[in-house]
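S.K.: Before we start, here is the structure in question, set down as structure tokens.
None of the figures in this text is laboratory data; all of them are computed from the coordinates on show. Owing to the predicted nature of the structure, the values given are computational and were not obtained by experimental measurement. Cβ placement follows ideal geometry from the backbone for every residue including glycine, while neighbour counts extend to all protein chains displayed.
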Amino acid sequence: MEFVSTRGMLLLFAGETGNAEEVAYDIQEKLQAPCRTTSTSEYDIANLPSEHFVVFVVSSTGDGEPPEPMKAFWSFLLRKGLAADALSDMAFAIFGLGDSSYDKYNAVARKLEKRLCMLGAKGAITTGYGDDQAPFGYLSAYFPWLEDLKSYVLRNGIVKQPTGGSSAIQTYSANIAMNGPSPGQQQLTGDQSFIPVRVVENRRLTADVWPQDVRHIRMDVDPTFTPQGCALYTVGDVAVVPYENPVVLVELAGALIIEGCRIHTALELSLDTLLEVTRNTPVGTLPRPSRLPSLSGCTLRKLLTRHLDIGAVPKRSYFEKLAQYASDPEEADKLRELASAQGSDLYFDYCVRERKNYVEVLQEFRSCRPPLSVLLEVLPVIGPRKYSIASSPALHPRTVR
Ligand SMILES: Cc1cc2nc3c(=O)[nH]c(=O)nc-3n(C[C@H](O)[C@H](O)[C@H](O)COP(=O)(O)O)c2cc1C
């Protein structure tokens, strides 16, 4: 099925751990409509009154609080000075993500719906409440809600069908680079202003027999570093540390990708091949924030070490994509099952409980070797890791523990 957008719809997501983003892009893909999908933190809320149809995917966190990327957006919506008809031209749909074991179950979706109505916006369909405790997790509520959404957008001419129009999905091409590296395009994690530190202590706190490896780490700030105007950190801050994947994982991923490229493309890769990666964002859509931007002159090794989060637990969409490339029908069936609502328990046992990563999954499905360009559609980019700071800046102004 394919639709084309006439008035354009906006899809805003807000979450902490990636579920809201995953759902938002699934909606974009299933509707096959070029819509602007973006995080609430990236959207200029001053434009909201001129939107006609907005779909929100929002999770609840803390004690029923909005997730971090939604805080500024939410404070703006709560402003007292907003007129009662500020959003009267707008219709909306909401899918909330939550967990009914919390007292304030799906509180953010509920509060958002109430506030939008107070500002004159009209609810298009019944709000969906995804629940981690439901038999198939949030998918139990998501699939019927998505059907409602599809009917609404078709009925109201927000998207039309069918057309031969272009797909709404971001794609990639990966080629061998003809030129050397271009410095500006390679810095993904290196472009923020990090504070240079030296790790002077890294001690395990838990007993060796205990499965959890909890560590006390002490980092001394480089003596030549002078913070500008303020203290290095304050109470409640977290230490944000750039992360690189371990060499063994990079080499394993490299071997599997090289195999895939041999099957599907004329590319003869090695880990040290310089690549030219181009991201193709369809007209009317926005680049997906957790996916790789275009990169020029980056080796496959560096791509896997510094840019792609190959050590993370895969999202369901990964299995959906892999299934298209499994030449063994049994493997394809298993992959499809892992991606489906009914495969929720299997997904949890196979992936989440065992903490399987993207590379291990690819290795286990031996008949499945997609080309690199396809993996780039589904592999998230690496983010820095965040650690709780246990020390006080009053006592240790230049060390972080
Ligand atoms: C620290 C934490 C706090 C949470 N608090 C709530 C809550 O108050 N109410 C609720 O319904 N769900 C709560 N949840 C469940 C999440 O909303 C749910 O797992 C959701 O799928 C996460 O989506 P995200 O990955 O987009 O952040 C909480 C989850 C975590 C990890």
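S.K.: Between ALA231 and ARG353, take the C-beta separation as r, use R0 = 51 Å, and let me know the FRET efficiency to the nearest 0.05. Mind showing how you got there, number by number?
M.R.: Details: r = 41 Å, r/R0 = 0.81.
Calculated transfer efficiency: 0.80.
S.K.: Let me ask something additional. Between SER373, SER340, SER193, where does the largest GNM mean-square fluctuation fall for the chain, given springs only between Cα atoms within less than 10 Å?
M.R.: SER193
S.K.: How long is the gain from HIS216 to ARG155 if the chain were fully straight, where each residue apart is worth 0.36 nm and the alpha carbon distance is subtracted? Don't jump to the answer; show the numbers that get you there.
M.R.: Numbers: separation 61, 0.36 × 61 = 21.96 nm, distance 5.79 nm.
That pair, HIS216 and ARG155, stretches by 16.2 nm at full extension.
S.K.: State to the nearest 20 debye the size of the charge dipole of segment 1-77 about its Cα centre, where the only charges are +1 on K and R beta carbons and -1 on D and E beta carbons.
M.R.: Numbers: 4 positive and 12 negative charges, 68 e Å.
Magnitude of the dipole: close to 320 debye.
S.K.: Could you tell me which of PRO66, ALA231, THR40 has its Cα farthest along the dipole of the chain towards the positive end, charges placed at Cβ (Lys, Arg +1; Asp, Glu -1), taken about the Cα centre?
M.R.: Going by the charge dipole, the pick is ALA231.
S.K.: Hey, what D do you get for segment 83-152 in µm²/s if you plug the Kirkwood alpha-carbon radius into Stokes-Einstein at 25 °C and 0.890 mPa s? Could the numbers behind the result be given before it?
M.R.: Values: Rh = 12.8 Å.
In µm²/s, the coefficient is 192.
S.K.: Taking the mean number of other Cβ atoms within 10 Å as a proxy for protection, how do you rank 68-81, 227-240 from highest to lowest? Intermediate results must be reported in sequence, preceding the final value.
M.R.: Numbers: 68-81: 14.3, 227-240: 11.6.
Order by mean packing, descending: 68-81, 227-240.
S.K.: Further question on the same structure: Could you work out [θ]222 nm for the chain from helices alone, using -39500 (n - 2.57) per DSSP H run of at least four and dividing by all its residues? Round to the nearest 500 deg cm²/dmol. It would help to have the intermediate numbers written out before the result.
M.R.: Values: 11 runs with 108 residues, N = 401.
For the chain, the value works out to -8000 deg cm²/dmol.
S.K.: Taking the C-alpha atoms of segment 221-353, how large are the radius of gyration and the largest Cα-Cα span, Dmax, in Å?
M.R.: 19.8, 62
S.K.: Something else now. Which value, in debye to the nearest 20, gives the size of the charge dipole of segment 313-386 about its Cα centre, when Lys and Arg are +1 and Asp and Glu are -1 at the Cβ? Please report the intermediate quantities before stating the final value.
M.R.: Numbers: 12 positive and 12 negative charges, 100 e Å.
My answer is approximately 480 debye.
S.K.: I would also like to ask the following. Quick one: work out Rg over Rh on the C-alpha atoms of segment 1-153, Rh as Kirkwood radius. Before the final figure, lay out the partial values.
M.R.: On the way: Rg = 14.5 Å, Rh = 15.5 Å.
My calculation puts Rg/Rh at 0.94.
S.K.: Would you mind computing the Rg to Rh ratio of segment 34-122 from its alpha-carbon coordinates, Kirkwood style for Rh? List each step's numbers first, then the result.
M.R.: Working: Rg = 12.8 Å, Rh = 13.5 Å.
My calculation puts Rg/Rh at 0.95.
S.K.: Put +1 on the Cβ of each Lys and Arg and -1 on the Cβ of each Asp and Glu in the chain; which of TRP210, SER340, LEU82 then has its Cα farthest toward the positive end of the dipole?
M.R.: Among TRP210, SER340, LEU82, the one farthest towards the positive end of the dipole of the chain is LEU82.
S.K.: Starting from the Cα-Cα distance between ASN47 and ARG336, subtract it from 0.36 nm times their residue separation and give me the gain in nm to one decimal.
M.R.: Numbers: separation 289, 0.36 × 289 = 104.04 nm, distance 3.96 nm.
Residue separation times 0.36 nm, minus the Cα-Cα distance, leaves 100.1 nm.
S.K.: Please list the equivalent ellipsoid semi-axes of the chain, computed as the square roots of five times the alpha-carbon gyration tensor eigenvalues, in descending order and whole angstrom.
M.R.: Details: eigenvalues 239, 187, 100 Å².
Each semi-axis is the square root of five times an eigenvalue, giving 35, 31, 22 Å.
S.K.: Which order do peptides 201-208, 31-38 fall in by mean Cβ count within 10 Å, highest first?
M.R.: Values: 201-208: 9.4, 31-38: 23.0.
Top to bottom by mean Cβ count within 10 Å: 31-38, 201-208.
S.K.: How large is the dipole of the chain about the Cα centre if only Lys and Arg carry +1 and Asp and Glu carry -1, each at its Cβ, rounded to the nearest 20 debye?
M.R.: Once rounded to the nearest 20, the dipole reads 860 debye.
S.K.: Could you derive backbone 3J(HN,Hα) for segment 349-363 from the dihedral phi with the Karplus parameters 6.51, -1.76 and 1.60 (θ = phi - 60°), listing whole Hz in sequence and x where the residue is Gly or Pro?
M.R.: 5, 6, 9, 6, 4, 7, 6, 6, 9, 3, 6, 4, 4, 4, 5
S.K.: Would you pull out the residues with amide H under 5 Å of LEU275's amide H, same chain only if 5 or more places away, H placed 1.01 Å from N?
M.R.: ALA177, GLY297, CYS298, THR299, LEU300
S.K.: Could you give the length gained on full extension between GLU68 and LEU205, defined as 0.36 nm per residue of separation minus the Cα-Cα distance, in nm?
M.R.: Values: separation 137, 0.36 × 137 = 49.32 nm, distance 3.01 nm.
Here the answer is 46.3 nm.
S.K.: Now for a separate question. Which value in Å does the Kirkwood hydrodynamic radius of segment 299-401 take, with 1/r averaged over all unlike C-alpha pairs and then inverted?
M.R.: Numbers: mean 1/r = 0.0641 Å⁻¹.
Final number for the Kirkwood radius of segment 299-401 is 15.6 Å.
S.K.: Still on this structure: Distance cut-off 25 Å, Cα to Cα: go down the list LYS71/LYS356; LYS150/LYS334; LYS30/LYS315; LYS321/LYS386 and report the pairs above it. Kindly include the intermediate steps, with their values, before the conclusion.
M.R.: Details: LYS71/LYS356 32 Å; LYS150/LYS334 28 Å; LYS30/LYS315 16 Å; LYS321/LYS386 30 Å.
Pairs exceeding 25 Å: LYS71/LYS356; LYS150/LYS334; LYS321/LYS386.
S.K.: Please state, as a whole number in µm²/s, the translational diffusion coefficient that the Stokes-Einstein equation yields for segment 243-301 at 25 °C and 0.890 mPa s, with Rh defined as the Kirkwood radius across alpha carbon pairs. Kindly include the intermediate steps, with their values, before the conclusion.
M.R.: Values: Rh = 13.3 Å.
Estimated via Stokes-Einstein, D reaches 185 µm²/s.
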